[in-house]
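Asker: Pasting in a structure now, in structure tokens, and then I'll have a few things to ask.
The values are calculated or read from the model by the stated rules, or taken from the named source; none is laboratory data. All figures in this text were calculated on a predicted structure; none of them were measured in a lab. Virtual Cβ from ideal backbone geometry, glycine too; neighbours counted across all protein chains shown. Side chains included, ligands, DNA and RNA excluded: accessible areas come from the protein's heavy atoms. Shrake-Rupley method; radii C 1.70, N 1.55, O 1.52, S 1.80 Å.
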Amino acid sequence: HISMIKKIEIYTANHCPFCTKVKLLLNKKKIKFFEIDLSNNEALREKMSAMANGARSVPQIFADNVHIGDCDKIHKLDQEKKLDKLLGLE
């Protein structure tokens, strides 16, 4: 059984403690991700917001362009043992 690791993207901003928290969680799980910094880029934030059902806060996490959620949501999914499956780890 080979798992299909998904393309993980995290939209972040400078000096964001919640962004750091999410990156620490993904690094702990040894998940490779692409970070998209929204600092001073309103057009990119609009694009993220459109993909994240209107959410404008960071971080927002996507797996294969499917919105997973924010920092609270990803940690809740991890506690519920649902995150690995969403990220393609199992």
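Asker: Being of a type in the set (D, E, K, R) and assigned to a helix (DSSP H, G or I) is the filter; apply it to segment 9-38 and report the residue that is surrounded by the most Cβ atoms within 10 Å (Cβ to Cβ).
Answerer: The residue in question is Lys23.
Asker: Please enumerate the residues belonging to segment 58-71 that are touching a helix residue (DSSP H, G or I) at 6+ places or on another chain (Cβ under 8 Å) and open to solvent by 20 Å² or more (accessible area, probe 1.4 Å).
Answerer: Looking only at segment 58-71, we keep the residues that are touching a helix residue (DSSP H, G or I) at 6+ places or on another chain (Cβ under 8 Å), and these are 58-63, 65, 67-71.
Those that are touching a helix residue (DSSP H, G or I) at 6+ places or on another chain (Cβ under 8 Å) and open to solvent by 20 Å² or more (accessible area, probe 1.4 Å): Val58, Asn65, His67, Asp70.
Asker: What number of residues within segment 39-57 are open to solvent by 40 Å² or more (accessible area, probe 1.4 Å) and of a type in the set (S, T, N, Q)?
Answerer: Residues meeting the conditions: 4.
Asker: For segment 12-26, enumerate the residues that are in contact (Cβ under 8 Å) with a residue 12 or more places away in the chain and hydroxyl-bearing (Ser, Thr, Tyr).
Answerer: Thr12
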